[in-house]
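First up is the structure itself, then whatever we jot down about it.
The values are calculated or read from the model by the stated rules, or taken from the named source; none is laboratory data. Model, not experiment: these values are computed from the prediction. Every residue, glycine as well, gets a Cβ built from its backbone with ideal geometry; the counts of neighbours run over all protein chains shown. Side chains are part of the model used for accessible areas, which takes the heavy atoms of the whole protein and leaves out ligands, DNA and RNA. Shrake-Rupley method; radii C 1.70, N 1.55, O 1.52, S 1.80 Å.
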Amino acid sequence: MRETVKLIEVARELPVSRKDLQMLLLLLVCGLMAYLISIANPALEPLFLALVFGIIAGNLQKDGEKGKIAERYVPVLLPVGITLYGVNINIPYLGGFHPEVVAATLISASLIFLAVFWISSRLKLSKQMSVLLACGSGICGVSAIAIISPLIKPKKEEFSAAIMIITAVGLTGAIIYPTIAHFTNISPEKFAVLSGATLHQTGIVKISSQLFGVEEEALAIKGIRIAMIALVVLVLSIIYSESRFYVPWYIVSFLGVALFSSTYLPSGIVQSLRPLATVMFATTLAAIGYTVNVGKVQRAGIRPLIAAYAGWMVGVVFIMLVIGSGVL
Amino acid sequence: MRVFVRFVLLFTIISAISLVLGISLVEVGVSPSYYAYVLIVVLIISLFSAGSILEPVEELRDAFQSAVRGEMRRVTPKSSDEFGELASAFNWMIEELIREKKSLEESEKRFRSVVEELDGWLFELDSHHRIVFATANFKEKFGDVEGKYVRDVLDNFPIEKLESGKFEYEIIKDGKIIPVEVVVKKDGEIYRCLARDISGRRRIERQLAFFKGILEHSVDAIVILDVDSRITVWNRGAEMMFGYTAGEAVGKPLNFLMPKEHWRQCTENFKRAVVEGHVKDIEAPRIRKDGELIIVDQTLTSIHDSNGEVVGFVAIMRDITKRKRAELDLKNSLEELEKRTRELLEVQKELQQLASIVENSNDAIYSVDIVGRIRSWNRTAEKVFGWSKEEAIGMDASALLPEELKGETEFIIRRIREGDSGLSFETRRQRKDGTVIDVEITVSPILDELGELSGISIIARDISEKKRAEREAEKRMFKYDVERGRIYFADNFDLAVDVINDLVKCGYTGRVISRRYPENIGVCEDNYIMLSSRKMKGTLDPDPEKIYREIMSLPGWKNAVLLDLDYLLVKRNFEEVYELIQRLKDVFFVLNKGILIVCSESDLVGEREFELLKMECSGIKSRKVEIPDEVYEVLRFIYSKNKIGERPSIKDVMNNFGITRNTAKKRVQQLLDRGLIRIIKDGRFKVMEVTEDGRQIMRVA
């Protein structure tokens, strides 16, 4: 006679407990809140917000057990989040740009990357921190940091600090750029290049370019930088792989999703998948934030902040020089 | 102060930026959400600035916490502000602490090593006699004891003695008794006890007592010396052996007991003891206090300390003087015994040789004991006498004697008792088959170990053939019909003298004992003894005993003795003289000493005495010869010379008889004419030889 298996017994044996569910729910709420706020104000990056919410929740509760649960879910959530985040990447068609703009954008991004990396090294920051800050500054801000973090395996505190710092630098740009435009009487097209080439987060680019009505252009230029993440991720995964030419599956899947979504996938589906992907990644960041001690994050000090600001300033100066020289 | 300056500077910058931004933003007409951005930026910057400011403080805090936990680590002064100074101060403090800790650790290590290496168990008791501290070795032995009552750990621990400061106690653990000495030091309420295992000490004490007993009661002298060989211990055995008390001996070198010539040997022995560890069986003389020399058997052993260094010597001496003397005596006895044995073996060998000689001798040799029984009998005796050895041994020796000589054995023994030791004479013996043979015997006494006569040995040689031939020859040569071993009586002195002279001519030793002058009776003075009471050379007292001895002392058995009885009869009566004649007859007959002629012309010999003399003595008869006497004499001379292998010449006859050549020639011519002799040439000499006819005459005569 065939034995019947009761569902309760099966549930008991599952690795998911009630506390796990509570925790997952909390993290999901954080992610969801961050997403909702970012919709209301695109300048506020959902990943940054989810991390901050996670940090706040974690440091308020100070529940070690829950921290462990969150820690346990990070390795599961992160690759999934990265893969899905691929839909947010839109590889642009470079033929639609002026070559000078593409060149200036690439040079600027590279310059910022190298400048941040060099300054970080000079300030004796850890290599992981330097890479995180360089990628965050040069490519696409918080999302770049989140994507490359599993490759270079930084400390949670360094990761959190890098996200915060990049957010701060980006927001500073959002604040300052209108002022710069106001005092220099720059044309809206050129402002689109400035913001697209030097500002960190897509949301901030959007906000700052809205003022001058060049949102589309700025985001397109920013798209070039975002596309660089695919290249950087590939290179970094090879550099940091434990064996030669090993690329983790989630990077491959991330790149595949990014390529697929920006080419073949119908735009409607991509648009509908984007919130899910963002919430998923935000939840992962909330989980990371939950396990982080704010005191230790704080310990990163002012030096990475200086490095990030200085590198960004290099990029800004370069673009301003290019604009001022009349090449564009 | 510098922090405050930095803070004011930062505040000023932010205020200025805010002012510029505020103006610009108002002019551009941005949304109020930008203020939220500013807030976020300021918050983030503040957060990291604060982190930057707090970093050294937190580092210090962590360092403090680490220091409290015992991990001494320094902080790096990242700035030269107050935090930097604080960090330097902290580092200084940490360095001091490290130094202190190090010194504390060293001190603890030292203390621990001292406690761990302590030969004993250290533990501390509180006022309730609970163990509050115990060293590792104590815990290892008794388990985790801290907090337990001492009596629960150590049975019957005498807590009442804790105040005494030191006591001994026996711990019984795992069925073993461990004697310990507990030293207690009271430190406030704490009793600090050090229990030390003294089983080794007890064992050594027992051994020491044991050795002391041996040392004190040993009969051997046990002397302990220092490295300079000076006496440090002198036991009772040594006192008894040498006579010195310990007080007298201690401090003196060992060689004060030795003769000076042994000092060098003593030094050598000490060297050997150092190199080899001990020297045994040193037999050497020692001098006692009273000067007596004793011999000791000494063993010298070197004593080493735990480092192997020589710290002294032990000399154990045993008096072996008595043993040595006994050994010497034994050795001498052994040598003596060996010598005797050797001698005995030689004697035995000699005896065997002698026995062999005796056994294989051509003479019959036998011995007779004092009662006349035969005790030994050689092979030749068996042949000569016919009795086998088995038959002869134990047999009466008189069985060998013919009827007429039955008293011979008794006679010989008597003679030997009188002092005659090499008695030698011719006699007769009867064989087993009854035939009588002539023998020449030599008798020797056999003395026992006390020198007493225990028997006689007799060497007998069969001379029957010789005797017969001799007798035959003598009969032919003698002018008168006389025979050896007989006594003859002559009433005519001239006849007696003529017989004697004839016998002398035939090789006999003549001896005339008479009162008459020799020239009157015509005898040589050398053969003459004068009977006289005066004692001088050539005189003899007319005492029958002395005369008997004189005649008996004559050597050999070819004696012709003339005894003139006349003067003797004057001096002594006939009976005495007659007894003398009887004794002499016995002697002459038995010993065959020769021919004795007694003569008397006087009237002192009456009819009766004459008859008696005739009974004892034979008469002298003259032999009938057809040729004149003087010629017969010449024939006899030649015959006697021929017998000994000589052939005389005319000159020899002249010289022998003292006659002229013509007379000698005439007498020789008469013999030639009768064919009794012949002249043969020997070179250029003419010599004479008796013919067969002449020999026949001599044989018949």
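A few points about this structure:
- Inverse mean reciprocal Cα-Cα distance (Kirkwood Rh) of the protein assembly as shown, Å: 48.1
- Summed side-chain charge close to residue A:191 - residues other than residue A:191 whose Cβ falls under 14 Å, Lys, Arg +1, Asp, Glu -1: -1
- Shielding by partners, peptide A:296-309 (average Cβ within 10 angstrom, other chains): 4
- The range B:436-479 and the range B:667-691 have Cα centres separated by 39 Å.
- With respect to chain B, whose longest principal axis is taken over its alpha-carbon atoms, helix B:2-28 is tilted by about 40°.
- Net charge over other residues, Cβ less than 13 angstrom from the Cβ of residue A:100 (K, R count +1; D, E count -1): 0
- Helices in chain A that qualify as membrane-span-like (whole DSSP H runs, Cα extent of at least 20 Å along the helix axis, mean Kyte-Doolittle hydropathy of -0.5 or higher) are A:18-40, A:46-61, A:64-85, A:99-122, A:156-184, A:215-240, A:249-263, A:267-290, A:303-325.
- Residues of type lysines that residue B:280 reaches as a straight line, Cα spacing below 26 Å, ignoring anything fewer than 8 places off in the same chain: B:212, B:252, B:260, B:271, B:289, B:322, B:324, B:331
- Chain A: calculated mean residue ellipticity at 222 nm from DSSP helix runs of at least 4, using -39500 (n - 2.57): -26000 deg cm²/dmol
- Rounded Å value of the spacing that divides the Cα centres of the range B:239-263 and the range B:113-161: 55
- With Cα atoms, 0 to 90° folded angle of helix B:607-616 axis to chain B main axis: 50
- Cross-link partners of residue B:666 among aspartates and glutamates, defined as those whose alpha carbon lies under 14 angstrom from its own and excluding same-chain residues fewer than eight positions apart: B:629, B:630, B:633.
- Average accessible surface area per residue within the protein assembly as shown, 1.4 Å rolling probe, Å²: 54
- Most to least packed among A:298-304, B:651-657, A:22-28, B:329-335 [average Cβ atoms within 10 Å]: A:298-304, A:22-28, B:651-657, B:329-335
- Average silhouette area of the range A:11-165, convex hull of alpha-carbon atoms, in square nanometres: 11.6
- Taking the square roots of 5 times each eigenvalue of the Cα gyration tensor of the range B:218-319, largest first, gives ellipsoid semi-axes of 21, 15, 12 Å.
- Portion, in percent, of the accessible area of the protein assembly as shown that falls on carbon or sulfur, probe 1.4 Å: 57
- Size of charge dipole - chain B - debye, nearest 20, with Cβ of Lys, Arg +1 and Asp, Glu -1, no other charges: 3220
- Contact residues in the range B:32-78 by the 30 Å² criterion (accessible area, 1.4 Å probe, full protein complex versus chain alone): B:34, B:37, B:40, B:41, B:44, B:45, B:47, B:48, B:51, B:52, B:55, B:58.
- Reduced Cα scattering model of chain A, Debye log10 I(q)/I(0), q = 0.06, 0.11 Å⁻¹: -0.21, -0.68
- Taking the Kirkwood radius as Rh and the Cα radius of gyration as Rg, the range A:210-328 has a ratio of Rg/Rh equal to 1.03.
- Antiparallel bridges, percent of DSSP beta bridges restricted to chain B (to nearest 5): 80
- Dividing the alpha-carbon radius of gyration of chain B by the rule-of-thumb value 2.2 N^0.38 Å gives 2.71.
- Buried accessible surface for the B/A chain pair comes to about 2400 Å², total over both chains, computed with a 1.4 Å probe.
- Along the axis of the charge dipole computed for chain B (Cβ charges of +1 for Lys and Arg, -1 for Asp and Glu, origin at the Cα centre), the listed residues B:416, B:513, B:300 are led at the positive end by B:513.
- Structure-based [θ]222 nm, chain B - -39500 (n - 2.57) summed over DSSP H runs of at least 4, per residue, nearest 500: -15500 deg cm²/dmol
- Spatial offset of the range A:133-173 relative to the range B:359-427 amounts to 163 Å, using the alpha carbon center of each.
- Long pairs among A:127/A:153; B:505/B:641; B:466/B:558; B:505/B:546; B:467/B:558; B:585/B:614, criterion Cα-Cα beyond 18 Å: B:505/B:546
- Average beta carbon contacts from partner chains per residue of A:155-164, 10 Å cutoff: 1
- Packing-based order for A:111-119, B:345-353, A:48-56, B:177-185, using average beta carbon neighbours within 10 Å, highest first: A:48-56, A:111-119, B:177-185, B:345-353
- In the range B:405-558, the inverse of the mean reciprocal separation of distinct Cα atoms equals 18.3 Å; this is its Kirkwood hydrodynamic radius.
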